[in-house]
Amino acid sequence: MIIIVYASQTSKSIKANIGIADYSYYFVLEKFKPLLTEFAHVIEIETPEFEVDKIYEECRSRGEPCFFLSFTPPFKALTTLKCLTVCVFAWEYTSIPTDIWGHDSRNDWRSVFNAHGCAITHSSFAVKTVKKEMGDQFPVWSLPAPVWDEYKIFHSSVASEPSAKRLNLSFYGSFVDLKACMTSSQQDEDARGAIIEKSSEYSEQKITLALSGIIYTAVFNPSDGRKNWIDLVTGFIWALREYEDVTLVLKLAYYDFKTIREMIVEEILRSTPFKCRIVALHGYLAADEYAHLICASAYIVNTSHGEGQCLPLMEFMSAGKPAIAPRHSAMEDYVDDQNAFIIESSEEWIHWPHDPRSAMRTLRYRINWESLFRVILASYEVAKNDPGRYSKMSECAMRSLENYCSMAVLRKRIRTILPTYEVYNPNRCAVAKHISRSESFAKRIGTLISGAARVWIPRFFIIYYRLKSKLRFSAFSSKLAK
């Protein structure tokens with residue numbers, strides 16, 4: 001079997017494009033590759049419009065099953081390929097786009113799902129959202145990225161006293177270190193000068209940053225308004241402004257630090273004075289340095305308006321790090337009051353993020369700031385004075401993620417999704433489903449007869465169900481067009 005995979009970024013381009021639209025699909029694809037290679041030969045491509053059908057025709061000529069996994073938002077997935085195409089996407093809003101704009105029918109995601117016949121997403125929340133529009137019988141599956149096995153090994157290094165952590169983090173990049181900004185009356189220029197003195201510009205040489213105390217870590221793209229990082233920063237400062245033994249590490253995922261540095265500094269200076277420490281970290285962390293940051297952190301923090309799955313949160317929790325996070329969107333699958341300090345949230349109207357009209361068509365989740373303030377204080381108290389509860393939360397975090405995104409769990413799920421080796425020709429997943437049924441039925445009949453009938457009856461059922469399914473899809477498309 002051949003599985004063709006595609007994401008808009010590659011290993012060559014991702015470093016320069018971190019933070020642009022859809023960049024995270026590259027990391028999701030990278031997490032899936034080891035799992036997919038257990039089932040098939042995986043071919044990664046860069047230009048699906050030219051490469052997919054060529055590979056498909058080669059496979060078809062030798063009778064080898066082949067299908068295409070497009071790690072893209074549905075409105076960017078191709079719908080005209082001969083090869084069976086399945087969109088693998090993340091979604092965090094309460095409804096999928098059902099409008100058409102820009103003369104592109106793919107902006108109505110129903111047309112894409114109808115063309116493909118099935119879909120893969122990363123959460124039960126997204127599955128329910130898709131089925132609301134496509135119907136309960138539409139085949140859409142939740143497959144979160146399998147990250148647990150890679151990060152569970154760090155759970156054993158979790159100390160019962162998270163306040164005792166010290167870390168010298170070495171990496172290529174730059175940082176802004178805002179430590180004990182105490183004088184609220186100081187002039188802006190003086191404040192900025194003090195910050196620059198404690199900061200580092202980008203260098204071709206590795207730089208080292210010393211961290212200590214109770215470390216809270218957040219990983220996000222500051223240019224993405226969905227991440228709601230201003231609430232995160234202000235909630236942390238106001239809750240822990242009098243404590244010198246806490247540090248908030250903001251690991252920023254954006255290619256241009258100069259653009260976002262001013263924005264970060266400006267927002268934090270508004271909350272002076274404070275004794276706690278905030279470090280904005282920008283640059284590529286090698287796998288071992290990222291692991292060191294995970295191990296040194298006491299908590300992983302998320303204050304987003306919605307998540308399609310949230311790889312950093314999953315990675316830290318797989319390593320046994322309790323979370324401070326809301327329980328909405330994809331996080332409903334693995335965040336609970338046993339492994340996290342839950343931030344209360346409520347729904348609010350918003351537009352789909354890629355809709356140029358900004359038409360209010362869906363809902364996201366608004367963080368309750370007072371709840372955020374309270375749970376940060378509670379988390380500090382547990383880290384300082386209740387190692388038993390912290391240890392239990394750590395164990396629960398690791399176990400919850402094992403049940404959600406371990407290789408063993410995903411291996412079982414994917415076996416129910418991958419088409420059987422006989423099905424390499426149809427262009428629709430639903431057609432493949434009917435063919436599989438028809439082949440099973442035809443084989444039972446074949447045991448009762450012999451000769452030519454054993455050859456032609458199975459072919460008859462296969463052809464019949466292919467035509468029936470295609471006609472059904474055509475009728476559905478006509479309804480949508482009306």
**Test result for Phe71, farther than 25 Å from Arg413 by Cα, surrounded by 15 or more Cβ atoms within 10 Å (Cβ to Cβ), modelled with pLDDT of 95 or more and under 22 Å from the mean Cα position of the chain (by Cα)** = no
**Prompt:** Does the range 97-114 include one or more residues that are crowded, with 22+ Cβ neighbours inside 10 Å and under 21 Å from Leu313 (Cα atoms)?
**Reply:** no
**Prompt:** Given the conditions (1) surrounded by fewer than 23 Cβ atoms within 10 Å (Cβ to Cβ); (2) at pLDDT 95 or above, and given that Ile20 satisfies all but one, which numbered condition is not satisfied?
**Reply:** (2)
**Asked** Can you name the residue in the range 237-257 that is under 26 Å from the mean Cα position of the chain (by Cα) and not hydroxyl-bearing (Ser, Thr, Tyr) and is also surrounded by the fewest Cβ atoms within 10 Å (Cβ to Cβ) among such residues?
**Response** Asp256
**Request:** Please specify each residue of the range 1-13 satisfying the condition of being hydrophobic (A, V, I, L, M, F, W, C), farther than 19 Å from Ser142 by Cα and surrounded by 18 or more Cβ atoms within 10 Å (Cβ to Cβ).
**Result:** Ile2, Ile4
**Message:** With the requirement that a residue be touching a Pro at 6+ places or on another chain (Cβ under 9 Å) and either part of a loop (DSSP other than H, G, I, E, B) or farther than 14 Å from Arg357 by Cα (or both), what does the range 98-108 give you?
**Reply:** Gly102, Arg106, Asp108
**Asked** In this structure, does Cys66 turn out to be out of contact with any Gly (no Cβ under 7 Å at 6 or more places or on another chain), more than 30 Å from Phe220 (Cβ to Cβ), at pLDDT below 95 and not hydroxyl-bearing (Ser, Thr, Tyr)?
**Response** yes
**Meets criteria (in contact with a strand residue (DSSP E or B) (Cβ under 6 Å, 6 or more places away or on another chain), surrounded by fewer than 24 Cβ atoms within 10 Å (Cβ to Cβ) and within 15 Å of Ala218 (Cα to Cα)) for Ile300** = no
**Message:** If Ser111 satisfies all but one of (1) part of a helix (DSSP H, G or I); (2) under 22 Å from Asp333 (Cα atoms); (3) not basic (Lys, Arg), what's the number of the condition it fails?
**Reply:** (2)
**Message:** So, Glu348, is that one under 30 Å from Ser391 (Cα atoms) and outside the structural domain of Val127 (by TED's automatic domain parsing) or not?
**Reply:** no
**Request:** Would you point out the residue of the range 125-141, among those that are of a type in the set (Phe, Trp, Tyr) and outside any helix (DSSP H, G or I), that is nearest to the chain's Cα centre (by Cα)?
**Result:** Trp141
**Request:** Looking only at the range 262-276, decide whether some residue is closer than 21 Å to Lys152 by Cα, of a type in the set (Asp, Glu) and either without any contact (Cβ under 8 Å) to a residue 12 or more places away in the chain or surrounded by fewer than 21 Cβ atoms within 10 Å (Cβ to Cβ) (or both).
**Result:** no
**Request:** Would you point out the residue of the range 74-96, among those that are under 17 Å from Thr47 (Cβ atoms) and among the hydroxyl-bearing types (Ser, Thr, Tyr), that is surrounded by the most Cβ atoms within 10 Å (Cβ to Cβ)?
**Result:** Thr85
**Asked** If you take the residues of the range 115-124 that are under 20 Å from the mean Cα position of the chain (by Cα) and not in a strand (DSSP E or B), which of them is surrounded by the most Cβ atoms within 10 Å (Cβ to Cβ)?
**Response** His122
**Request:** Spot the failing condition for Ile14; the list is (1) modelled with pLDDT of 95 or more; (2) under 21 Å from the mean Cα position of the chain (by Cα), and only one is missed.
**Result:** (1)
**Prompt:** Has the range 307-314 got at least one residue that is polar (S, T, N, Q), at pLDDT 95 or above and farther than 18 Å from His155 by Cα?
**Reply:** yes
**Asked** What number goes with the only condition from (1) surrounded by fewer than 20 Cβ atoms within 10 Å (Cβ to Cβ); (2) over 21 Å from Trp148 (Cβ atoms) that Ser345 does not pass?
**Response** (1)
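Residue-wise test of (1) more than 23 Å from Asp224 (Cα to Cα); (2) in a helix (DSSP H, G or I); (3) of a type in the set (Phe, Trp, Tyr).
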| position | (1), (2), (3) |
| --- | --- |
| Ile278 | no, no, no |
| His292 | yes, yes, no |
| Glu315 | no, yes, no |
| Gly320 | yes, no, no |
| Ala325 | no, no, no |
| Asp337 | yes, no, no |
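The values are calculated or read from the model by the stated rules, or taken from the named source; none is laboratory data. Please read all numbers here as calculations on a predicted model, not as lab measurements. Note that we place each Cβ from the backbone using ideal geometry, even for glycine, and neighbour counts take in every protein chain shown.
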